1. Does any residue of the stretch 18-34 turn out to be at pLDDT below 85, of a type outside the set (Phe, Trp, Tyr) and assigned to a helix (DSSP H, G or I)?
2. Under the condition of being surrounded by fewer than 23 Cβ atoms within 10 Å (Cβ to Cβ) and among the aromatic types (Phe, Trp, Tyr), which residue from the stretch 287-336 is farthest from GLY408 (Cα to Cα)?
3. Within the stretch 52-72, can one find any residue that is without any contact (Cβ under 8 Å) to a residue 40 or more places away in the chain and either in a helix (DSSP H, G or I) or under 24 Å from GLY379 (Cβ atoms) (or both)?
4. Could you list, in sequence order, the residues of the stretch 357-390 that are more than 20 Å from MET236 (Cβ to Cβ) and surrounded by fewer than 24 Cβ atoms within 10 Å (Cβ to Cβ)?
5. Can you confirm whether ALA421 is within 12 Å of SER303 (Cβ to Cβ) and at pLDDT below 90?
6. Against the conditions (1) at pLDDT 90 or above; (2) under 26 Å from SER127 (Cα atoms), where does LEU382 fall short? Just the number, please.
7. Against the condition in contact with a Ser or Thr (Cβ under 9 Å, 6 or more places away or on another chain), at pLDDT below 85 and on the phi < 0 side of the Ramachandran plot, how does ARG143 come out, does it pass?
8. Hey, LEU390 hits all of (1) without any contact (Cβ under 8 Å) to a residue 60 or more places away in the chain; (2) within 24 Å of MET147 (Cα to Cα) but one; which does it fall short on?
Amino acid sequence: MASSTAPESADERALRRRGLTLALLTITYFFSYMDRQILAILLELIKADLRLTDTQLGLLSGLAFAIFYATLGVPVARLADRSNRRNIIAVALALWSAMTALCGLAQNFAQLLLARIGVGVGEAGSSPPSHSIIADLYPPEKRAGAMAIYSTGVVLGGGFGTMIGGYVASLYGWRWAMVVVGVPGILLALFVWAFVVEPRRGLSDPARAADTSPMPSVGSAFAAMWANKPAFHLVMAVTITSMIGYALAGWGPSFLQRSLSYSVREVALIFAPLAAVAGTVGGLAGGAIANRAAARYGLHAQSWMVAVLKLVALPFMIGFYLTESQSLAMVFYVLNYLFASSYLGPTFALIQSLAPLRMRAMWAAVTLLVINLIGLGLGPTLIGILSDLLRPVTGPEESLRWALVAVGSATPWAIWHYWRAGVLLRRAPAD
């Protein structure tokens, strides 16, 4: 007898499996950040092995990776707004994972630079299509929470990259650490291809899904984003915040080893787990609070919430850089991560809520282009240059400390942009 139950529609299937899709996209982001940030715990070992300067290490950590990661994100996003986003993510994941493993074979600066560029090329295909999929699966009032879950990939990836990389490197050297972290991502790519759903565009925005206008050009996407004043301030805020965050993430392990006399293994087994836990709690709590704030007060409250939490985190970040005490450094490190990790989910959710439906991946790519060219590209690179310049004045043990203090002092600038974005959102709420 034929079943009277109607067959499941594609939309119903997408919504039923959105939890699994979000989980796999978060794990993919975890691997992206782990492969990106593993270099941080290995910098001192690579410096000694390949005889590099801090400026060269800064280029490897920042600009060399960021230029290709950021600029290729735009054409990838253009493709993602037209074609299957799941397949793009799966191919990108396999590519950057293989290139991470190849970093372990580098015999000089040039070879390591090329491998890191390959990692950047691969990772360009991850975040813009992921943001677009999540925005289609979750309505505006739940989007910040979903983005916050996705954004835990940053702190968990950075934490586990440091833990695994540092532990393996302490036993077998930095080259094996690269291989151990890179290879599993190739297998994960198969799971992403098999189980991530490709939702209908506009699935969670019925009022906007009827938009049948032609696909906008890249230039029009840029122009529309910069013309949207709340979006402009959000991009400025997250870019400055990311520059400071990437500086800490990229050079924090080296600072702990140089200025506070921690070993590679101690950084990997003590600080990395603490950062992962504090960052995850802060990110998830920030997303949950942002959802409630939006439901009660409007979307503008999310931007103000981030401004307040960044202000709370600021003295702990500066205290971490300035203290001479190992115990206080640990406390300041954890408290900074707890409050400072709240910004990604609400920021990306707000930008996706402001974006025209057919520009979502493009707006994500434009955001990531600016974040990564300036934040990731400039942050770690600037720290390396400043450290080398300050070395004759402060000595080799303290130059990195004062370089980090100088960059971290830009935090109030980011806070102002979050506040201003909230003001503008309150005056003219998103659709």
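The values are calculated or read from the model by the stated rules, or taken from the named source; none is laboratory data. Given the structure is predicted, the values throughout are model-derived calculations rather than measurements. Positions of Cβ are generated from backbone atoms using ideal geometry, with glycine treated the same way; all protein chains shown enter the neighbour counts.
1. Within the stretch 18-34, the subset at pLDDT below 85 is none.
The answer is no; no qualifying residue exists.
2. Checking each candidate, the answer is TYR297.
3. We begin by selecting, within the stretch 52-72, every residue without any contact (Cβ under 8 Å) to a residue 40 or more places away in the chain; these are none.
Looking for residues that are without any contact (Cβ under 8 Å) to a residue 40 or more places away in the chain and either in a helix (DSSP H, G or I) or under 24 Å from GLY379 (Cβ atoms) (or both), one finds none in the stretch 52-72, hence no.
4. The answer is LEU357, ARG358, ILE385, LEU386, ASP388, LEU389, LEU390.
5. Values: within 12 Å of SER303 (Cβ to Cβ): yes; at pLDDT below 90: no.
When the stated conditions are applied, ALA421 does not pass them.
6. LEU382 satisfies all of (1) at pLDDT 90 or above; (2) under 26 Å from SER127 (Cα atoms) except (1).
7. Numbers: in contact with a Ser or Thr (Cβ under 9 Å, 6 or more places away or on another chain): yes; at pLDDT below 85: yes; on the phi < 0 side of the Ramachandran plot: yes.
Criteria met by ARG143.
8. Evaluating LEU390 over (1) without any contact (Cβ under 8 Å) to a residue 60 or more places away in the chain; (2) within 24 Å of MET147 (Cα to Cα) leaves (2) as the failure.
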